[in-house]
Structure formats: structure tokens, C-alpha cells
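Structure first, commentary second.
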């Protein structure tokens, strides 16, 4: 269950700083879906999506960098991802992590 090239391209492209007024969904080739609790749209057909509100923005350094803290106010999870007792089938979702300028796939999930 590996991310396809178009998905990887959209993920990488979404990290760019677009000029004000550019529709980032359109720029990276993703479809929008209306959110229910916030005004910002979410990615259509995402297996799991979170709607968040900004909690705080913390400036970092002197290069106009910052860390944004948010609060998840609504989850959207595809029905086929649910297991017994409301658990999520994490093996059915391709988890991708960002490592500076590189990416990694989470391919080994286990419990202790």
C-alpha cells in the first residue's frame, strides 16, 4: 500500500509557499470538500481528515519562522477504516512522514 507518484507530488508541492491569492488546492491538483466545523475546506477523498482551529502561533528565530498549534474540532474517517470497538485500521492507511527535505513511509506498525 505505497503512495503513488501523484500523491507524493501533491504532498511535496503542498509544502511550497504560494503567493497570496493562489488556490493551493488547484496548484497541487487536489479536490476540495467542505468542512463542517471550520470554514477552510479539507481534501476530498482523504481516508482521514481533521478540521482544526488555531490555538496559538509561536515565532521562532529571526527569519519569520513560526510553529502553529491547533486544536482538532472534528475528524472525518472513511467507514472502511473502522475495526471492532471503534478502532482504526492503521495498516490500511499509507502513513507518510516528512524528514526535513525527504519523506518516509511508515511500513511497520506493531503493538507491545
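The values are calculated or read from the model by the stated rules, or taken from the named source; none is laboratory data. Computed from a predicted structure; not experimentally measured. Quick reminder, even Gly has a Cβ in these numbers, built from the backbone with ideal geometry, and neighbours come from all protein chains shown.
Look through the stretch 3-21, keep the residues that are surrounded by 10 or more Cβ atoms within 10 Å (Cβ to Cβ) and in a loop (DSSP other than H, G, I, E, B), and return whichever of them is modelled with the lowest pLDDT.
Keep residues of the stretch 3-21 that are surrounded by 10 or more Cβ atoms within 10 Å (Cβ to Cβ), which gives 3, 6-14, 16, 18.
Narrowing the set further to residues that are in a loop (DSSP other than H, G, I, E, B) leaves 3, 14, 16, 18.
Details: 3: 47, 14: 78, 16: 81, 18: 87.
Here the answer is 3.
Within the stretch 37-54, can one find any residue that is more than 29 Å from residue 110 (Cβ to Cβ), surrounded by fewer than 10 Cβ atoms within 10 Å (Cβ to Cβ) and out of contact with any helix residue (DSSP H, G or I) (no Cβ under 7 Å at 6 or more places or on another chain)? Outline the logic, then answer.
Filtering the stretch 37-54 down to residues more than 29 Å from residue 110 (Cβ to Cβ) leaves 37-42, 44, 51, 53-54.
Imposing the further condition that a residue be surrounded by fewer than 10 Cβ atoms within 10 Å (Cβ to Cβ) reduces the set to 39.
Checking the rest, the ones that are also out of contact with any helix residue (DSSP H, G or I) (no Cβ under 7 Å at 6 or more places or on another chain) come to 39.
Taking every residue of the stretch 37-54 in turn, at least one turns out to be more than 29 Å from residue 110 (Cβ to Cβ), surrounded by fewer than 10 Cβ atoms within 10 Å (Cβ to Cβ) and out of contact with any helix residue (DSSP H, G or I) (no Cβ under 7 Å at 6 or more places or on another chain).
On the stretch given as the stretch 38-60, residues that are within 15 Å of residue 71 (Cα to Cα) and in a loop (DSSP other than H, G, I, E, B) total 3.
Scanning the stretch 81-107 for residues that are in a loop (DSSP other than H, G, I, E, B) and surrounded by 10 or more Cβ atoms within 10 Å (Cβ to Cβ) yields 83, 89, 93, 94, 107. Looking at the stretch 76-112 only, could you name the residues that are in contact with a strand residue (DSSP E or B) (Cβ under 9 Å, 6 or more places away or on another chain) and in contact (Cβ under 8 Å) with a residue 24 or more places away in the chain? Those that are in contact with a strand residue (DSSP E or B) (Cβ under 9 Å, 6 or more places away or on another chain) and in contact (Cβ under 8 Å) with a residue 24 or more places away in the chain: 76, 77, 78, 81, 88, 93, 94, 96, 98, 103, 105.
To keep it simple, each residue is scored yes or no on (1) touching a strand residue (DSSP E or B) at 6+ places or on another chain (Cβ under 8 Å); (2) modelled with pLDDT of 90 or more; (3) closer than 24 Å to residue 10 by Cβ.
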site	(1), (2), (3)
30	yes, no, yes
55	yes, yes, no
65	yes, no, yes
69	yes, yes, no
74	yes, yes, yes
